[in-house]
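The structure appears below as structure tokens.
The values are calculated or read from the model by the stated rules, or taken from the named source; none is laboratory data. What you see is a predicted model; the values in this text were computed from it and never measured. Here Cβ is always computed from backbone atoms with ideal geometry, including for glycine, and neighbour counts include all displayed protein chains.
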Amino acid sequence: MLSEQSVPVVEATLPAVGASLNTITEAFYRRLFEERPELLRDLFNRTNQATGTQRQALAGAVAAFATLLVERPAERPDAILSRIAHKHVSLGITADQYPLVGRHLMGAVGEVLGEAVTPEVAAAWEEVYWLMANALIAAEARLYAGAGVAEGDVWRPMEVTARTREADDAVSLVLRRTDGLPTRPFLPGQYVGVRVQLPDGARQIRQYSLSAAPDRKTWRITVKRETGAEGAVPDGEVSTWLHDNARVGDVLDVSLPAGDLALPDGDSPLVLASAGIGITPVLGMLDHLARTSSRRPVTVIHAARSPRHHAHREEQAELVGRLPGAELHLWYEQDAHEAAHPAARTGRADLAHLTPDPASTAYLCGPLPFMRAVRGQLLAKGLHPSAVHYEVFGPDLWQSR
Ligand SMILES: Cc1cc2nc3c(=O)[nH]c(=O)nc-3n(C[C@H](O)[C@H](O)[C@H](O)COP(=O)(O)OP(=O)(O)OC[C@H]3O[C@@H](n4cnc5c(N)ncnc54)[C@H](O)[C@@H]3O)c2cc1C
Ligand code: HEM
């Protein structure tokens, strides 16, 4: 809760700060990395910095949080903070890093807004920062405690025990602990961080959803090779490195499972909708449902460029076949006939003829335009907005647009 004296100040300055947030977060990262270049090299995703998506996600989150504070102060900010806390924990962020970030964020506010930032304004926004920071620190402490690890101690060596081509542009890697113990539990839908050392010495981290059920002795991730546009856009750094270098017997740095898109047990109906490589968390969920002999009604929707680009195509159909309450609907932009599946259609996902139970909980994963379209169609079919959950394979820009 904001203090009495800060509420009117934040209310009055929110339009100006909100309008400049993208410039403020840009200045923030510039200041942060000037002082601590190793954070850009070894902790932050440097491609997200180059494309500006991370500063948009940060701006979106700060704006949403500040708006909530002044407009609906009784509401808990969990929905805004949960995704960030999980991401932070998967990176091993610690409470002692927050003062550094706060100092540079406040410095950036002063730099961009200049004289408008009176001591009163600065104090009110510093309060916003620390309300957000403390809520994140507390949520992250709970996640570390829940995993039974010391704060920040999330990285473990994992050996690659199998590597399988799952589509024209995707490979799966099966991972086991190097100490021979069973892998840690996780919830279907969660992801791990993978940290690799690139040829220029930088250590870069990316997240990969666990694409098989939790109760196995190993974990599995499935990585799509991200190719850029020749000459104009570079290839994806970590996915290209993993495709070119990760072999059976290699040891990778992998962080503990995290993520708030997770399938709770129960018997309520489900909609699992994915596009492209967004199939990975859905596969973990389907594998879990099949291994627990679930009888839940499940509407499974997947969209892909073509059957050749549909990772784990046969496995997905086989898992759906093992679930008595599940039906599969597939859309391919081209070559749908190659799927040789009665549910395969040509075109983009269109739910017009589907009749999911309006009491369903939905989990969506794929590009934002796909998720926006599917969400709209599900709401039109009577699903409650609070029952539609989603995962974005990059900084979450849903809130910032
Ligand atoms: C929660 C979560 C779960 C995920 N699960 C999976 C998963 O299961 N499987 C999976 O394959 N991925 C998954 N991802 C995505 C994954 O983390 C990586 O983002 C992905 O592998 C690309 O990383 P990269 O290092 O190869 O590409 P990056 O180097 O990060 O580049 C990303 C994209 O930007 C392009 N690019 C590079 N530089 C520029 C530039 N200057 N301007 C414009 N574009 C540029 C690249 O060509 C590439 O397409 C997940 C992400 C999240 C957040
Ligand atoms: C109140 C303070 C903070 C806020 C509001 C905040 C907000 C965010 C947001 C919105 C994201 C993107 C989440 C997503 O959609 O994937 C993120 C990611 C991240 N945060 Fe924070 N954060 C804070 C503090 C910190 C601190 C103290 C650190 C440590 C240096 C840190 C390091 C990171 C890193 C490394 C990422 C991933 C970046 C990427 O993958 O591009 N954050 N944070």
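Yes or no, residue by residue, for (1) of a type in the set (Ser, Thr, Tyr); (2) assigned by TED's automatic domain parsing to the domain that holds CYS365; (3) modelled with pLDDT of 95 or more:
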| residue | (1), (2), (3) |
| --- | --- |
| GLU237 | no, no, yes |
| LEU242 | no, no, yes |
| ARG247 | no, no, yes |
| ALA262 | no, no, no |
| PRO307 | no, yes, yes |
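Residue check: is ILE137 assigned by TED's automatic domain parsing to the domain that holds LEU21, surrounded by 16 or more Cβ atoms within 10 Å (Cβ to Cβ) and either away from ligand 1 (no atom under 15 Å from the Cβ) or acidic (Asp, Glu) (or both)?
Yes: the conditions hold for ILE137.
Mind telling me which of the residues GLY278, GLY284 ends up being within 16 Å of ligand 2 (Cβ to nearest atom) and either surrounded by 14 or more Cβ atoms within 10 Å (Cβ to Cβ) or assigned to a helix (DSSP H, G or I) (or both)?
Being within 16 Å of ligand 2 (Cβ to nearest atom) and either surrounded by 14 or more Cβ atoms within 10 Å (Cβ to Cβ) or assigned to a helix (DSSP H, G or I) (or both) holds for just one of GLY278, GLY284, which is GLY278.
From the residues in the range 246-267 that are surrounded by fewer than 21 Cβ atoms within 10 Å (Cβ to Cβ) and β-branched (Val, Ile, Thr), which one is farthest from ILE279 (Cα to Cα)?
Looking at residues that are surrounded by fewer than 21 Cβ atoms within 10 Å (Cβ to Cβ) and β-branched (Val, Ile, Thr), I get VAL251.
The rows are residues; the columns are (1) out of contact with any strand residue (DSSP E or B) (no Cβ under 9 Å at 6 or more places or on another chain); (2) more than 10 Å from ligand 2 (Cβ to nearest atom); (3) not assigned by TED's automatic domain parsing to the domain that holds GLU127.
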site	(1), (2), (3)
ARG55	yes, no, no
ALA63	yes, yes, no
LEU68	yes, yes, no
PRO77	yes, yes, no
GLY92	no, no, no
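Please work out which one of (1) of a type in the set (Ser, Thr, Tyr); (2) in contact with a helix residue (DSSP H, G or I) (Cβ under 7 Å, 6 or more places away or on another chain); (3) closer than 18 Å to ALA349 by Cβ is the condition THR299 fails and give its number.
(2)
Residue-wise test of (1) surrounded by 16 or more Cβ atoms within 10 Å (Cβ to Cβ); (2) on the phi < 0 side of the Ramachandran plot; (3) more than 16 Å from ligand 2 (Cβ to nearest atom); (4) within 21 Å of the chain's Cα centre (by Cα).
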| residue | (1), (2), (3), (4) |
| --- | --- |
| GLN316 | yes, yes, yes, no |
| LEU319 | yes, yes, yes, no |
| ALA340 | no, no, yes, no |
| GLY347 | no, no, yes, no |
| ALA352 | no, yes, yes, no |
| GLN377 | yes, yes, yes, no |
| GLU391 | yes, yes, no, yes |
| PRO395 | yes, yes, no, yes |
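Quick check on the range 199-226: of everything there that is surrounded by 15 or more Cβ atoms within 10 Å (Cβ to Cβ) and of a type in the set (Lys, Arg), which residue is farthest from the chain's Cα centre (by Cα)?
My answer is ARG216.
Within the range 234-252, is even one residue out of contact with any Leu (no Cβ under 9 Å at 6 or more places or on another chain), within 26 Å of GLY148 (Cα to Cα) and among the hydrophobic types (A, V, I, L, M, F, W, C)?
Yes: the range 234-252 contains one or more residues that are out of contact with any Leu (no Cβ under 9 Å at 6 or more places or on another chain), within 26 Å of GLY148 (Cα to Cα) and among the hydrophobic types (A, V, I, L, M, F, W, C).
Within the range 214-235, count every residue that is farther than 18 Å from ARG156 by Cβ and either modelled with pLDDT of 95 or more or within 8 Å of ligand 1 (Cβ to nearest atom) (or both). Explain how you work it out, then say what you get.
Start the filter on the range 214-235 by keeping residues that are farther than 18 Å from ARG156 by Cβ, which leaves 215, 222-235.
Add one more test, that the residue is either modelled with pLDDT of 95 or more or within 8 Å of ligand 1 (Cβ to nearest atom) (or both), and what stays is 222-229, 233-235.
Of the residues in the range 214-235, 11 are farther than 18 Å from ARG156 by Cβ and either modelled with pLDDT of 95 or more or within 8 Å of ligand 1 (Cβ to nearest atom) (or both).
Out of all the residues in the range 57-82, which are within 16 Å of ligand 1 (Cβ to nearest atom) and either surrounded by fewer than 21 Cβ atoms within 10 Å (Cβ to Cβ) or more than 20 Å from GLU140 (Cβ to Cβ) (or both)?
Scanning the range 57-82 gives a single hit, SER82.
Which of (1) within 14 Å of ligand 2 (Cβ to nearest atom); (2) β-branched (Val, Ile, Thr); (3) crowded, with 20+ Cβ neighbours inside 10 Å does VAL121 not meet, given it meets every other one?
If we test VAL121 against (1) within 14 Å of ligand 2 (Cβ to nearest atom); (2) β-branched (Val, Ile, Thr); (3) crowded, with 20+ Cβ neighbours inside 10 Å, just (1) comes out false.
Can you tell me which residue is farthest from ligand 1 (Cβ to nearest atom) among those in the range 36-54 that are more than 23 Å from VAL392 (Cβ to Cβ) and charged (D, E, K, R)?
For the range 36-54, the residue satisfying everything is ARG36.
Could you list, in sequence order, the residues of the range 348-370 that are touching a residue at least 60 places away in the same chain (Cβ under 8 Å) and under 14 Å from GLU327 (Cβ atoms)?
Residues satisfying the conditions are PRO356, ASP357, SER360.
Answer with yes or no whether THR51 is under 19 Å from the mean Cα position of the chain (by Cα), of a type in the set (Ser, Thr, Tyr) and outside the structural domain of THR227 (by TED's automatic domain parsing). Step through it out loud before you land on a result.
On the way: under 19 Å from the mean Cα position of the chain (by Cα): yes; of a type in the set (Ser, Thr, Tyr): yes; outside the structural domain of THR227 (by TED's automatic domain parsing): yes.
Criteria met by THR51.
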